[in-house]
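**Student:** Can you read through this structure? Questions will come right after.
The values are calculated or read from the model by the stated rules, or taken from the named source; none is laboratory data. Just so we're clear, the structure is a prediction, and the values are computed from it rather than from any experiment. For neighbour counting, all protein chains shown are included, and Cβ atoms are generated from backbone atoms with ideal geometry for every residue, glycine included.
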Amino acid sequence: MARFPIRYGVDSDDRIRSVGPEWPVFASENAAADLDPGSVVGRPLWDFIADAETRDLYRLIFDAVRVQGREVTVPFRCDSPECRWYMELAIAPLSDRELSISSQLIREEPREHSALLDTGPGRSDEFVKICSWCKRVLLPPSDWCEVEVAVRRLGLFDSNALPNLTHGVCPDCEVKIGAELERVTDPAGG
Ligand SMILES: [Zn+2]
């Protein structure tokens, strides 16, 4: 698949140093307004990650990679309305606290078109939260479900206007990524 891996590099201040040709895929996934690779170099990565919870988790990973000088890989999902993409994010240390970041497609699973993931006009004033790592949707107070289940349980098939998506991080993903970071910082581990 030509569009993967998505690669980019950041400098010691988390500013984008370079982007691969697949950058627009990352930018659109993260609801970033600016899709032109030429104009993103030099800007903070954090401009391109919409929600604070996801930014915080990236910062934790970046710290661990820089302090330990070891690569960290974490699985995540990068879904489109027609496809579930099972991905792996690899963050590797370079010299001078720079980092190399790459997202590789592990496998893909076609799905029936999910209008909820199809960003576009015709949205209501409602919001539902989606985990930016596993792409599950929060059914309040604390159930995280696959999009198809959420659509059914929220009765969205019949609704004229779908809710907006707001991104965050679910507790399962926080725990999983925390465990990976612990493994990397443990001198006896991995
Ligand atoms: Zn999650």
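**Student:** Quick check on the stretch 104-124. Is at least one of its residues aliphatic (A, V, I, L, M), touching a helix residue (DSSP H, G or I) at 6+ places or on another chain (Cβ under 9 Å) and modelled with pLDDT of 95 or more? So that I can check it myself, show each step before the final result.
**Tutor:** To start, the set of residues in the stretch 104-124 that are aliphatic (A, V, I, L, M) comprises 105-106, 115-117.
Next cut, touching a helix residue (DSSP H, G or I) at 6+ places or on another chain (Cβ under 9 Å) only: 115-117.
Next, only the ones that are modelled with pLDDT of 95 or more stay: none.
No.
**Student:** If you take the residues in the stretch 169-190 that are away from the ligand (no atom under 16 Å from the Cβ) and part of a helix (DSSP H, G or I), which one is modelled with the highest pLDDT?
**Tutor:** Going residue by residue through the stretch 169-190, those that are away from the ligand (no atom under 16 Å from the Cβ) are 182-190.
From what's left, part of a helix (DSSP H, G or I): 182-185.
Working: Glu182: 92, Arg183: 89, Val184: 87, Thr185: 84.
Only one residue tops the list, namely Glu182.
**Student:** Looking only at strands (runs of 3 or more DSSP E) that lie completely in the stretch 69-168, which have at least 3 residues being crowded, with 18+ Cβ neighbours inside 10 Å and more than 16 Å from the ligand (Cβ to nearest atom)?
**Tutor:** Values: elements: 72-77, 83-93, 99-110, 123-131, 137-139, 143-145, 162-168.
Counting at least 3 such residues, we get 99-110.
**Student:** Now for a separate question. Conditions: (1) closer than 25 Å to Val175 by Cα; (2) modelled with pLDDT of 95 or more. Asp51 meets all but one. Number of the miss?
**Tutor:** Failed condition: (2).
**Student:** Moving on. Can you pull out the residues in the stretch 36-46 that are at pLDDT below 90 and surrounded by fewer than 14 Cβ atoms within 10 Å (Cβ to Cβ)?
**Tutor:** Those that are at pLDDT below 90 and surrounded by fewer than 14 Cβ atoms within 10 Å (Cβ to Cβ): Asp36, Gly38, Ser39.
**Student:** While we're here: Do the conditions hold for Asp79, that is, is it under 16 Å from the mean Cα position of the chain (by Cα) and at pLDDT below 95?
**Tutor:** Working: under 16 Å from the mean Cα position of the chain (by Cα): yes; at pLDDT below 95: yes.
When the stated conditions are applied, Asp79 passes them.
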